[in-house]
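Okay, so here's the structure we're looking at.
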Amino acid sequence: MAGLEHDPGGVVALARDLIRCPSVTPDDGCGINALAAVLEGIGFSVTLLPFGEGAARTPNLYARLGTGHPHLCFAGHTDVVPVGDAPWAHDPFGGDIHDGILFGRGACDMKGGIAAFVAAVRLYLQKTPAPRGSISLLITGDEEGPATNGTVRVLEWMQANKQIPDFCLVGEPTNPGEMGEVIKIGRRGSLNACITVHGTQGHVAYPHRADNPVHRLLALLGELTAAPLDAGSAWFEPSSLQVTSLDVGNTATNVIPARAQGRLNIRFNDLHTGADLSGWLRTVVARHAPGAEVAIAISGESFLTQPDAPVEALRQAVRAVTGHVPRLDTGGGTSDARFISRYCPVAEFGLVGASMHKVDEHVALADLTQLTAIYCGFLEKVMG
Ligand SMILES: [Zn+2]
């Protein structure tokens, strides 16, 4: 088949096989099972770790080759987002190859990344049949969904079974336009707050008989937004507080309302914690509006992996293959790296993500080959 004449480590063949598993979240297990068979064939000891019950049941996989250190783990997901309503030019689960491009749901996010890592292990073992360290894979079938029975549960199992690695590489697509642009070494935290100020309703002509909650809300939001939270840190852009909604719902022109509500979101860097920011919010609110309700939800803390030896090895491996020195970045949305960072250092590098979650998701065969070479180079540098 076109594109498979020269396929180092079998990366294209494996990526295509995985795409042909229609593993839309929640994964039916096809992608996990197909991968398990391949890993056993290479010599990994594979543990299937389904968690949850009924519709929430999630297939997961942990596989390890060797027992020594350094222990390097590759993390990823076999589930994919739905095809969507717009028509595709290529069968989303067909694995079509046209003009050096492999099409299908999951091509870049992130079955192609998983295939590249497996192919890299094959190539590495050809050169180093008895590595001193060990290699593992943490693969979940629920990253694109609620993610409750996926990576979080597998990490708990890994800790209970003394399988926490020395370093973890997540294979999510990190490059905006071409291979070699970005390695992610952290991400910002996120906090949502809803502030409800209660006043005393009254006639606008007699304000001394009322207590206007809108004025209190505006004053406290003014203080919260008056100064930047910080000026950024070594690896992070400045934290940002954005007011997202103001709700009074007052239809009258002559009534001071009884209640006013404001919502805000804070994206925060490593100079803050969710708890510190919550305390600051509550203090400012209490000064302007004693008795106001403050509901806070922290959807994630920030994390940073120091760019020391393993990250530098990854950077060198990227440079050796692509010729680019990748930027170390902490921006963008979430991934399972936020969970892994609680256990060990973690960085992310994968394919070009321009077509992820879109119609006709695709990956260039040349990018799959490059990523395989990068992962193999990284294994050689870290494992020796
Ligand atoms: Zn993904």
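If you check residue 236 against the conditions, is it touching a Leu at 6+ places or on another chain (Cβ under 6 Å), touching a residue at least 12 places away in the same chain (Cβ under 8 Å) and away from the ligand (no atom under 16 Å from the Cβ)? For residue 236, the condition - touching a Leu at 6+ places or on another chain (Cβ under 6 Å), touching a residue at least 12 places away in the same chain (Cβ under 8 Å) and away from the ligand (no atom under 16 Å from the Cβ) - is not met.
Here's the yes/no breakdown for (1) within 16 Å of the ligand (Cβ to nearest atom); (2) touching a His at 6+ places or on another chain (Cβ under 7 Å); (3) over 30 Å from residue 52 (Cα atoms):
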| site | (1), (2), (3) |
| --- | --- |
| 105 | yes, no, no |
| 120 | no, no, yes |
| 128 | no, no, yes |
| 159 | no, no, no |
| 170 | yes, no, no |
| 175 | yes, no, yes |
| 192 | no, no, no |
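Close contacts from region 333-346, counting a first residue that is under 19 Å from residue 60 (Cα atoms) and a second that is within 13 Å of the ligand (Cβ to nearest atom) and in a loop (DSSP other than H, G, I, E, B), with Cβ to Cβ under 6 Å and a gap of 6+ residues or different chains, come to 335/172; 336/143. Evaluate region 32-40: report whether one residue or more is polar (S, T, N, Q), farther than 14 Å from residue 145 by Cβ and assigned to a loop (DSSP other than H, G, I, E, B). Checking region 32-40: not a single residue is polar (S, T, N, Q), farther than 14 Å from residue 145 by Cβ and assigned to a loop (DSSP other than H, G, I, E, B). State whether the residues of region 158-177 include one that is of a type outside the set (S, T, N, Q), surrounded by fewer than 20 Cβ atoms within 10 Å (Cβ to Cβ) and free of Cβ contacts under 8 Å to residues at least 40 places away in the same chain. Looking for residues that are of a type outside the set (S, T, N, Q), surrounded by fewer than 20 Cβ atoms within 10 Å (Cβ to Cβ) and free of Cβ contacts under 8 Å to residues at least 40 places away in the same chain, one finds at least one in region 158-177, hence yes. Would you confirm whether or not region 202-225 contains a residue that is acidic (Asp, Glu), in contact (Cβ under 8 Å) with a residue 60 or more places away in the chain, more than 16 Å from the ligand (Cβ to nearest atom) and under 21 Å from residue 265 (Cα atoms)? Checking region 202-225: at least one residue is acidic (Asp, Glu), in contact (Cβ under 8 Å) with a residue 60 or more places away in the chain, more than 16 Å from the ligand (Cβ to nearest atom) and under 21 Å from residue 265 (Cα atoms). Of the numbered criteria (1) more than 28 Å from residue 24 (Cα to Cα); (2) at pLDDT below 95, the one residue 318 fails is (2). Taking the criterion of being surrounded by 14 or more Cβ atoms within 10 Å (Cβ to Cβ), among the small types (Gly, Ala, Ser) and more than 25 Å from residue 206 (Cβ to Cβ), the residues of region 237-260 that qualify are 239, 240.
Listed here are the residues, each with its yes/no results for (1) farther than 16 Å from residue 195 by Cα; (2) free of Cβ contacts under 8 Å to residues at least 24 places away in the same chain; (3) out of contact with any strand residue (DSSP E or B) (no Cβ under 7 Å at 6 or more places or on another chain).
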{"residue": "268", "(1), (2), (3)": "yes, no, no"}
{"residue": "275", "(1), (2), (3)": "yes, yes, yes"}
{"residue": "288", "(1), (2), (3)": "no, no, yes"}
{"residue": "293", "(1), (2), (3)": "no, no, no"}
{"residue": "298", "(1), (2), (3)": "no, no, no"}
{"residue": "304", "(1), (2), (3)": "yes, no, no"}
{"residue": "321", "(1), (2), (3)": "yes, no, yes"}
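The values are calculated or read from the model by the stated rules, or taken from the named source; none is laboratory data. Bear in mind the structure is a predicted one, so any value in this text is a computation, not a measurement. Cβ atoms come from the backbone with ideal geometry, glycine included; neighbour counts cover every protein chain shown.
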